[in-house]
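> Next up is a structure, given as structure tokens.
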Amino acid sequence: MPGKSFFIDTSLCMACRGCQVACKQWNGLPAEKTVNRGTYQNPADLSFKTYKLVRFEEVVVDGKLKWLFFPDQCRHCIDAPCEMAADDPRAIYQDRATGAVIYTGNTKKLDTEDVIDSCPYNIPRAAKDGSLAKCNMCIGRVKNGLSPACVKTCPTGAMNFGSRQEMLEMAKKRLGKVKKTHRKAKLLNPDDVRVIYLVTEDPDLYHKFAVASNSAFDISRAVALKRLIRPLTRLTASM
Amino acid sequence: MKVTRRKFMQISGASAAGLAVSGLGFDLSPVRSHAQMLKTKHAKETTTICCYCAVGCGAIVQTDMKGDGRVINIEGDPDHVINRGSLCSKGAALFQLGENENRLLEPMYRAPKAKKWKQVSWDWALTQIAKRVKKTRDATFARKNDKGQVVNRTTGIVSVGSAALDNEECWIYQALMRALGLVYIEHQARI
């Protein structure tokens, strides 16, 4: 499998939120008004102007308090449901060399709800005008040989970026090591996405949408239909 | 058929594989090719040290070579021995120190009991500060303590700051404070 991938090792994340801020800075995104909600997780959720968010969860596992950190972002699915739902390469397309799923300003012409609902990880967010935004893999940086801003800034090595092969090997190697001390450690959907997380507890404890297979809802019929007839539409378009 | 998201991804994976084998599908290269120009491509690079804490991470400041010379980007210096390119959330926000619409550009003064701030000149502000520091320092200066030991100090002035100074600037600053006889000298990085 060619292209690029991230490996996010949550066992190394200390939730400094450097990635969250570096993302804002590089992409020129404005700050959000935040309030004290009794957690360091701020803003409360991803938004049109927040592509990256470190989620904080306090949970008790086997009588012990655990503070779980999850640097959430677009997974850049290998076969992206949002791209299928949009079915318009001028609005959502996959960059060939890297595999990055990119949204353009034309997303405002799409059925916003349809695209958001199609995401198994609940990532895209809409602006008031209906256009959609999310992580763009810092495509400009990557195309110029730099790593994404979030990876570049990470002080602990939790965020990694490179060729897909390299990242998969790193993830598997690291999993083997972490499993010795954390028996529940696992990789999240490594075969389906380009952003591979390593977690040490049940993924549901980190975030409801941490892993696709655990999401409690179904895809819409419209998306399923579009997906099924897609090879046909491609065929007709090429003729 | 009830298709779960997980199932859906499996199905779509299979159909994509079929498509790849068929070699069909229309070419989207014009849309997909990304000829992005990096915003920092023609920037001047200057190294600096993060001002926020005692770790002393290195950063690279990229400024506009043409135009107004303002900051385009600041990120970790990969060659710096302390942080090797990384920065925490505070360091990653260094850009805003200079490029920030909320930044004050002129000194502001709020008189005792006044409700509003007013803009004043640098000359006036600096003279006022010097005058008041001198007055308070002279009024509270103690040459000796209760035991008769020579202390040459004032406990009438406290310094807390400054978060936006780097190591060298902090040294000069504390030297000035100590010369005045201050003993309460603190910095946010230590609090």
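What follows is calculated from the coordinates using simple rules that are stated; it is not laboratory data. None of these values were measured; they are calculated from a predicted model. Don't worry about glycine lacking a Cβ; one is built from the backbone with ideal geometry, like all the others, and counts go over all protein chains shown.
> For segment A:57-74, enumerate the residues that are crowded, with 17+ Cβ neighbours inside 10 Å, of a type outside the set (Asp, Glu) and away from chain B (no Cβ under 12 Å).
The answer is A:68, A:69, A:70, A:73, A:74.
> Okay, moving on. May I ask you to list the residues in segment B:168-186 that are over 23 Å from residue B:50 (Cβ atoms) and part of a strand (DSSP E or B)?
Result: B:182, B:183, B:184.
> Which one of A:135, A:82, A:77 is touching an Asp or Glu at 6+ places or on another chain (Cβ under 8 Å), crowded, with 23+ Cβ neighbours inside 10 Å and touching a residue at least 24 places away in the same chain (Cβ under 8 Å)?
On the way: A:135 fails: touching an Asp or Glu at 6+ places or on another chain (Cβ under 8 Å); A:82 fails: touching an Asp or Glu at 6+ places or on another chain (Cβ under 8 Å).
Of the residues listed, the single one that is touching an Asp or Glu at 6+ places or on another chain (Cβ under 8 Å), crowded, with 23+ Cβ neighbours inside 10 Å and touching a residue at least 24 places away in the same chain (Cβ under 8 Å) is A:77.
A quick yes/no check of all residues on (1) away from chain B (no Cβ under 14 Å); (2) within 27 Å of residue A:204 (Cβ to Cβ); (3) without any contact (Cβ under 8 Å) to a residue 60 or more places away in the chain:
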site	(1), (2), (3)
A:95	no, no, yes
A:98	no, no, no
A:102	no, no, yes
A:109	yes, no, yes
A:125	yes, yes, no
A:129	yes, no, yes
A:139	no, no, yes
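> Another question about this same structure. Being surrounded by 19 or more Cβ atoms within 10 Å (Cβ to Cβ), small (Gly, Ala, Ser) and closer than 24 Å to residue A:97 by Cα is the filter here, so list the residues in segment A:156-177 that pass it.
A:171
> All but one of (1) surrounded by fewer than 21 Cβ atoms within 10 Å (Cβ to Cβ); (2) within 14 Å of another protein chain (Cβ to nearest Cβ); (3) over 18 Å from residue A:195 (Cα atoms) hold for residue A:3; state the number of the condition that does not hold.
Only one criterion is unmet by residue A:3, namely (3).
> May I ask you to verify whether residue A:18 is surrounded by 23 or more Cβ atoms within 10 Å (Cβ to Cβ) and either touching a Gly at 6+ places or on another chain (Cβ under 9 Å) or farther than 29 Å from residue A:109 by Cβ (or both)? Walk me through it before giving the result.
On the way: surrounded by 23 or more Cβ atoms within 10 Å (Cβ to Cβ): yes; either touching a Gly at 6+ places or on another chain (Cβ under 9 Å) or farther than 29 Å from residue A:109 by Cβ (or both): yes.
For residue A:18, the condition - surrounded by 23 or more Cβ atoms within 10 Å (Cβ to Cβ) and either touching a Gly at 6+ places or on another chain (Cβ under 9 Å) or farther than 29 Å from residue A:109 by Cβ (or both) - is met.
> So, in segment B:153-175, exactly how many residues are exposed (fewer than 12 other Cβ atoms within 10 Å of the Cβ) and over 17 Å from the mean Cα position of the chain (by Cα)?
Adding up the residues that qualify gives 4.
> Inside segment A:1-39, can you point out the residues that are among the aliphatic types (A, V, I, L, M) and farther than 21 Å from residue B:74 by Cβ? Don't jump to the end; show me each part of the working.
Within segment A:1-39, the subset among the aliphatic types (A, V, I, L, M) is A:1, A:8, A:12, A:14-15, A:21-22, A:29, A:31, A:35.
Result: A:1, A:8, A:12, A:14, A:15, A:35.
> Please determine, by comparing only the residues of segment B:135-167 that are part of a strand (DSSP E or B) and polar (S, T, N, Q), which one is nearest to residue B:91 (Cα to Cα). Show your work before the answer.
Going through segment B:135-167, the residues part of a strand (DSSP E or B) turn out to be B:141-144, B:150-160.
Okay, now just the ones that are also polar (S, T, N, Q), so B:152, B:154-155, B:159.
On the way: B:152: 38, B:154: 35, B:155: 34, B:159: 24 Å.
Among those residues, the one meeting the criterion is B:159.
> Could you tell me whether segment A:163-183 includes any residue that is over 19 Å from residue A:18 (Cα atoms) and assigned to a strand (DSSP E or B)? Write out each step before concluding.
Taking segment A:163-183 as the starting set, the residues that turn out to be over 19 Å from residue A:18 (Cα atoms) are A:163-183.
Next cut, assigned to a strand (DSSP E or B) only: A:163.
There is at least one residue in segment A:163-183 that is over 19 Å from residue A:18 (Cα atoms) and assigned to a strand (DSSP E or B).
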